[in-house]
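The values are calculated or read from the model by the stated rules, or taken from the named source; none is laboratory data. Treat the numbers as computed from the prediction; the structure is a model and nothing was measured. Heads up, the Cβs are rebuilt from the backbone with ideal geometry, glycines too, and the neighbour counts pull from every protein chain shown. Surface areas here come from the heavy atoms of the whole protein model, side chains and all, with no ligands, DNA or RNA. Shrake-Rupley method; radii C 1.70, N 1.55, O 1.52, S 1.80 Å.
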Amino acid sequence: MKRLFSILVIAAITVLGAYNLKAANSANTLPGTIVTFVQDDEETAAGDDLEEEELGFHQELKKRFIEGGPAFMGIVLLCLILGLAIAIERIIFLNLSTTNTKKLAQNVEDALNSGGIEAAKEVCRNTKGPVASIYYQGLDRADESIEAAEKAVVAYGGVQMGQLEKNVSWVSLFIALAPMLGFMGTVIGMIQAFDRIEAAGDMQPSLVAGGIKVALLTTVFGLIVAIILQIFYNYIIAKIDSIVNDMEDASILLIDMLVAYKNKKRI
């Protein structure tokens, strides 16, 4: 009995020792395996990052544009192109229309005092911009009366303001139209996604996620277009307001110069 008990104890010790040795070997090989897995994961992640970097911004934008669908995305892109074309044309025109009104008023006053109305009109002919045109119209009516000159300045000022604001309303139209088209594309995409769900007869996440992603891309691009055009629109409006203020100040200075010139001639 004692011999049987001893054999069982020795067998148990042997089995336990073998199990501990196997566990130790497994523990020794586990870090290497983990390191291998980590290295593989890092290499895979690095490969994915490299692939994303190789795509670039333009390729990613092109990919998203194609995913959004050419129908509505093309219309939104057309709004951006036309809006930018009008905005850039207006910015160039407004910058060319900007003049140094104080210097122009001083030159006109000096010419008016030295050479009369014709000399002042010659200064206006040689100067570009709406302020010089208003000065010319006012000086052209100065021989009639101050009231006639003032009416000419006011009337021609309205004409110049209309030229400054030409085609600006189209930019505001594209600002409102781009996100509306994006929302319409989103709604249509959602309807198509639910049609696929209805046809499949099952609420599969892939059907819902893919349809919603494609639908929301049109909204994103529409909002981006509206934001870009809004920045240009606000700059244009601020530039127009600045030129109009200069026109009003210059008109008051012109009337004062004409009054002083008339009084000087009477004396």
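Structure above, values below:
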| item | result |
| --- | --- |
| Subset of 102/239; 128/166; 103/151; 128/264 violating a 21 Å alpha-carbon distance limit | 103/151; 128/264 |
| Per-residue SASA entry for residue 81, accessible area with 1.4 Å probe, Å² rounded to 10 | 100 |
| Extended-chain gain in nm, criterion 0.36 nm per residue less alpha-carbon gap, residue 194 and residue 85 | 35.4 nm |
| Ratio of the Cα radius of gyration of the range 117-234 to 2.2 N^0.38 Å, where N counts its residues | 2.07 |
| Per-residue ³J(HN,Hα) for the range 233-243, Karplus 6.51 cos²θ - 1.76 cosθ + 1.60, θ = phi - 60°, Hz, x for Gly and Pro | 5, 5, 5, 5, 4, 5, 5, 5, 4, 5, 5 |
| Nearest-0.05 FRET efficiency for residue 227 and residue 151, computed from C-beta distance (R0 45 Å) | 0.55 |
| Label point distance in nm, residue 172-residue 238, each placed 7 Å from Cα along Cα→Cβ | 1.8 |
| Chain lengthening between residue 144 and residue 260 when straightened (0.36 nm per residue, less Cα-Cα) | 40.2 nm |
| Segment residue 248-residue 165, extension gain: residue separation times 0.36 nm, minus the distance between their alpha carbons | 28.3 nm |
| Rough spin-label spacing in nm, given labels placed 7 Å along Cα→Cβ, for residue 78 and residue 102 | 4.9 |
